[in-house]
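Novice: Structure provided below as structure tokens; questions to follow.
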Protein chains: 2
Amino acid sequence: MHRPPLPTTSAVLELDQPLPLDGGQSLSAVRISYETYGHLAADRGNAIFIAHATTGDQHVASKHPITGKPGWWDRMVGPGLPIDTDHFYVICANVLGSCMGTTGPASLAADGAPYAMRFPVITIRDMVRAHVALLDALGIARLHAVVGGSMGGMQALSMAVHWPGRAARVLALASTAAMPAQNIAFQEVGRQAIMADPAWAGGAYYGTGAAPDAGLAVARMAAHVTYLSEATLGEKFGRRLQDRAAKSFGFDADFQVESYLRYQGAAFTERFDANSYLYVTRAMSYFDLAEEHDGQLATAFAGVTARFCLVSFDTDWLYPTAESRKIVHALSAAGAAVSFVELSAPYGHDSFLLDVPALDRVVAGFLGTGQ
Amino acid sequence: MHRPPLPTTSAVLELDQPLPLDGGQSLSAVRISYETYGHLAADRGNAIFIAHATTGDQHVASKHPITGKPGWWDRMVGPGLPIDTDHFYVICANVLGSCMGTTGPASLAADGAPYAMRFPVITIRDMVRAHVALLDALGIARLHAVVGGSMGGMQALSMAVHWPGRAARVLALASTAAMPAQNIAFQEVGRQAIMADPAWAGGAYYGTGAAPDAGLAVARMAAHVTYLSEATLGEKFGRRLQDRAAKSFGFDADFQVESYLRYQGAAFTERFDANSYLYVTRAMSYFDLAEEHDGQLATAFAGVTARFCLVSFDTDWLYPTAESRKIVHALSAAGAAVSFVELSAPYGHDSFLLDVPALDRVVAGFLGTGQ
């Protein structure tokens, strides 16, 4: 595709009030890095907030400043695309705890030194609290929609439950209302890989010239396998060898899938901070919308006012359809308006990011054109 | 169960001839540590060879000398049990490349120093070549059966293909004829976790007092999650907290599943050598029975004479039923006698090791009583 660059506004908001956190602490001087696309209508009613996934960022449809790659949802957000910037004012903010400009463990604390592990453990709701502060600053009382996949879906659901009325529509893709045990387990493996790296140094590696890149790469590799499907891996790589006619009888990356994984791990360390990985995955493992309602998800949804659309993918074994179905059942029990579709796509959990024409139709249909 | 200890013979065979390897090298003075249970019949026709899985060992039904735990298939092997030692002479040998007495990277090379990474990369067929040398030494021309789950199943299939006639029956549980890409990927993550640990030191950590325990623990954790099912993890742990009433808002093992994984990782380093983990998983990733037959598995099976029984488990997503079905189709195309059953069991890949009464019946029925 040869599209002209999408007009983008990059900005940073510094909150003038401390941000209270679920853990009981509060954070002062929180900075929120965000991008906007399109134009805010005079009535401020055409805003869509896109919440990014674990290692995503605000560059939803603009070139990534480190990797130079197109935005992570470039195919979904733009003029004439399913999230149509000719109609909507799209906002995407880097989440609290991350490392692309929003306050996180690499940021400087009041004493002038990086927080590192002094950064408080945050929750998905804390991330959304920061998003809501941004919406307040932008004067947006009610979003046309909040949209997100995976961890972005968790943020969308959290906004619907904890700030009812803030979004007229909630679109959650490949997500869950409570992190399942298997996902907690995989993320713990990633955190342990980082913390096992001596260069992690208890998180105090900033300014030392060292960083736990080896551990972070392993964490990324482990996670990356879970984002794909066996079908994708089988079709894309199978047992094909990498640039060689025969096995090396050694420990090089003989197989294409091994080479691919090593590349993914190494590339990730160029753009992501290991401590942020700890904090963001910790927030995900803590996510359980029903927790404050004796495990009754329908009760959690009792006060919602938005219309919901849930999407799952048949090859996504990390956030399987059953997770979306639980949400749909609870929303239905709470009397909320909800539509749900399981789409067939071969790409596993990553399907929400990839070329799935049926997803485009669902997204465009649910969001409408804001007219 | 309070059963008297099963009479066991522990022994070590040192091969007097070099063992040729698929990689083109050969290994001198190979030692094979093995155990036997029951009594060899006068006609030597009642022997069953059990091939162990990735991190298993010869202690199939005897107390593990390091952990003190019962044998890994204690519930399957013994008097009156499905693999009935009142009838059968059961042999289980530690595989080549492992670390429980059979020659592996921790063993001393001819120069008196440990092989470490000078140990040649081996294959599943190399492991079986060592098993066959052991059977030769024991004077066992034809096994009543060769039995194995997971990597043990690969060895059983390899013996059937490469040493036809050596086993009258082949029982392969939760296995595959060629390591799928997803499994190659997960094992690469494990190897990278070990090699990322500075204490690995290029494999030359023997005698230094250090070892890449942190990396090995991460590798084990990553693998362990894949051995279980989401259902098992959900039922066994769910989102329950570990010895606390509320989340710590920290990075301790708040969740039971995190604590369990950390324990599994740490415990594993007590009994397994990191370099062995590299070599054994490398052998698995190289496994592809059809490779020498232009990808035609049925051709690989053309010369087999054994009767086969394949078993898969419905919740095993690591070696799913489709993998066993490919084997069954190819065996059928080759005109071999094969029975196949997919059992329902909640434990994921680990089902073949756990309490699945239907499995006991399949195993006992297929093996008979040797009469």
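Novice: Could you figure out which of (1) surrounded by fewer than 24 Cβ atoms within 10 Å (Cβ to Cβ); (2) not in a helix (DSSP H, G or I) isn't true of A:Ala172?
Specialist: Result: A:Ala172 passes all but (1).
Novice: Also, I was wondering about something else. Which is touching a Cys at 6+ places or on another chain (Cβ under 7 Å) and in contact (Cβ under 8 Å) with a residue 60 or more places away in the chain, of A:Phe301, A:Phe308, A:Phe366, A:Phe352?
Specialist: Residue meeting the stated conditions: A:Phe366.
Novice: Among the listed residues A:Gly165, A:Gly202, which satisfies the condition of being part of a helix (DSSP H, G or I), on the phi > 0 side of the Ramachandran plot and surrounded by fewer than 22 Cβ atoms within 10 Å (Cβ to Cβ)?
Specialist: A:Gly202
Novice: Going through A:Ile83, A:Ile91 one at a time, which residue ends up being buried (at least 23 other Cβ atoms within 10 Å of the Cβ), closer than 16 Å to A:Gly139 by Cα and out of contact with any Gly (no Cβ under 9 Å at 6 or more places or on another chain)?
Specialist: Unique residue meeting the criteria: A:Ile91.
Novice: Any residue at all in segment A:178-197 that's touching a Pro at 6+ places or on another chain (Cβ under 6 Å), of a type outside the set (Phe, Trp, Tyr), outside the structural domain of A:Leu310 (by TED's automatic domain parsing) and farther than 30 Å from B:Leu21 by Cα?
Specialist: yes
Novice: Anything in segment B:331-355 that is within 30 Å of A:Thr226 (Cα to Cα) and surrounded by 20 or more Cβ atoms within 10 Å (Cβ to Cβ)? List them, or say none.
Specialist: Matches in segment B:331-355: B:Leu343, B:Ala345, B:Tyr347, B:Gly348, B:His349, B:Asp350, B:Ser351, B:Phe352, B:Leu353.
Novice: Continuing with this model, one more query. Inside segment B:258-281, can you point out the residues that are touching a Lys or Arg at 6+ places or on another chain (Cβ under 8 Å) and surrounded by 23 or more Cβ atoms within 10 Å (Cβ to Cβ)?
Specialist: Correct list: B:Gly265, B:Tyr277, B:Leu278, B:Thr281.
Novice: Would you be able to say whether some residue in segment B:37-60 is part of a strand (DSSP E or B) and either within 14 Å of chain A (Cβ to nearest Cβ) or free of Cβ contacts under 8 Å to residues at least 60 places away in the same chain (or both)?
Specialist: So far as segment B:37-60 goes, yes, one or more of its residues are part of a strand (DSSP E or B) and either within 14 Å of chain A (Cβ to nearest Cβ) or free of Cβ contacts under 8 Å to residues at least 60 places away in the same chain (or both).
Novice: Among (1) outside the structural domain of B:Pro65 (by TED's automatic domain parsing); (2) more than 21 Å from A:Ala217 (Cα to Cα), which single condition is B:Asp294 missing?
Specialist: Result: B:Asp294 fails condition (1) only.
Novice: Do you know which residues across segment B:253-288 are among the aromatic types (Phe, Trp, Tyr), facing chain A (nearest Cβ under 10 Å) and under 19 Å from A:Val189 (Cβ atoms)?
Specialist: Selection gives B:Phe255, B:Tyr260.
Novice: Is it the case that A:Leu81 is in the same structural domain as A:Ser158 (by TED's automatic domain parsing), modelled with pLDDT of 95 or more and assigned to a loop (DSSP other than H, G, I, E, B)?
Specialist: When the stated conditions are applied, A:Leu81 passes them.
Novice: Moving to a separate point now. Scan segment B:166-203 for residues that are more than 28 Å from B:Leu343 (Cα to Cα) and of a type in the set (Gly, Ala, Ser) and jot them down.
Specialist: B:Gly190, B:Ala193, B:Ala196, B:Ala199, B:Ala201, B:Gly202, B:Gly203 - these are the residues of segment B:166-203 that are more than 28 Å from B:Leu343 (Cα to Cα) and of a type in the set (Gly, Ala, Ser).
Novice: Residues to consider are B:Leu27, B:Leu19; find the one that is more than 14 Å from every other protein chain (Cβ to nearest Cβ) and surrounded by 13 or more Cβ atoms within 10 Å (Cβ to Cβ).
Specialist: B:Leu19
Novice: Just to be sure before I move on: is B:Asp213 within 15 Å of A:Ala193 (Cβ to Cβ) and either assigned by TED's automatic domain parsing to the domain that holds B:Asp314 or of a type in the set (Asp, Glu) (or both) in the structure I sent?
Specialist: Yes; evaluated as a whole, the condition is true for this residue.
Novice: A further question on this structure: Before we move on, is B:Pro105 under 19 Å from the mean Cα position of the chain (by Cα), crowded, with 24+ Cβ neighbours inside 10 Å, within 14 Å of chain A (Cβ to nearest Cβ) and over 30 Å from B:Phe88 (Cβ atoms)?
Specialist: yes
Novice: So, B:Arg125, is that one within 18 Å of the chain's Cα centre (by Cα) and under 30 Å from A:Gln264 (Cβ atoms) or not?
Specialist: It is false that B:Arg125 is within 18 Å of the chain's Cα centre (by Cα) and under 30 Å from A:Gln264 (Cβ atoms).
Novice: Given the criterion in contact with a helix residue (DSSP H, G or I) (Cβ under 7 Å, 6 or more places away or on another chain), among the hydrophobic types (A, V, I, L, M, F, W, C) and more than 30 Å from A:Ala193 (Cβ to Cβ), identify the matching residue among A:Phe255, A:Phe251, A:Phe308, A:Phe313.
Specialist: Answer to the selection: A:Phe308.
Novice: While we're on this one: Any idea which residue in segment A:228-244 is modelled with the lowest pLDDT, counting only those that are closer than 18 Å to B:Gly190 by Cβ and either part of a helix (DSSP H, G or I) or polar (S, T, N, Q) (or both)?
Specialist: Once the filter is applied, the top-ranked residue is A:Glu230.
Novice: Further question: Please enumerate the residues belonging to segment A:121-134 that are in contact with a Leu (Cβ under 7 Å, 6 or more places away or on another chain) and either surrounded by fewer than 21 Cβ atoms within 10 Å (Cβ to Cβ) or away from every other protein chain (no Cβ under 14 Å) (or both).
Specialist: Within segment A:121-134, A:Met127, A:Arg129, A:Ala130, A:Ala133, A:Leu134 meet the criteria.
Novice: In segment A:1-36, how many residues are at pLDDT 95 or above, in a strand (DSSP E or B) and of a type in the set (Val, Ile, Thr)?
Specialist: Counting residues in segment A:1-36 that are at pLDDT 95 or above, in a strand (DSSP E or B) and of a type in the set (Val, Ile, Thr) gives 3.
Novice: Another question, then. I need the full set of residues from segment A:220-252 which are of a type in the set (A, V, I, L, M, F, W, C), facing another protein chain (nearest Cβ under 9 Å) and crowded, with 21+ Cβ neighbours inside 10 Å, in order please.
Specialist: Within segment A:220-252, A:Met221, A:Ala222, A:Val225, A:Leu228, A:Leu233, A:Phe237 meet the criteria.
Novice: State all residues of segment B:163-219 that are within 11 Å of another protein chain (Cβ to nearest Cβ), aromatic (Phe, Trp, Tyr) and under 20 Å from the mean Cα position of the chain (by Cα); if no residue qualifies, say none.
Specialist: B:Phe186
Novice: Could you tell me whether segment B:181-199 includes any residue that is acidic (Asp, Glu) and closer than 25 Å to B:Gln25 by Cβ?
Specialist: Looking for residues that are acidic (Asp, Glu) and closer than 25 Å to B:Gln25 by Cβ, one finds at least one in segment B:181-199, hence yes.
The values are calculated or read from the model by the stated rules, or taken from the named source; none is laboratory data. On a predicted model such as this, the values are computed, not experimentally measured, just so you know. Counting neighbours? That spans all protein chains shown, and the Cβs are built from the backbone with ideal geometry, glycine included.
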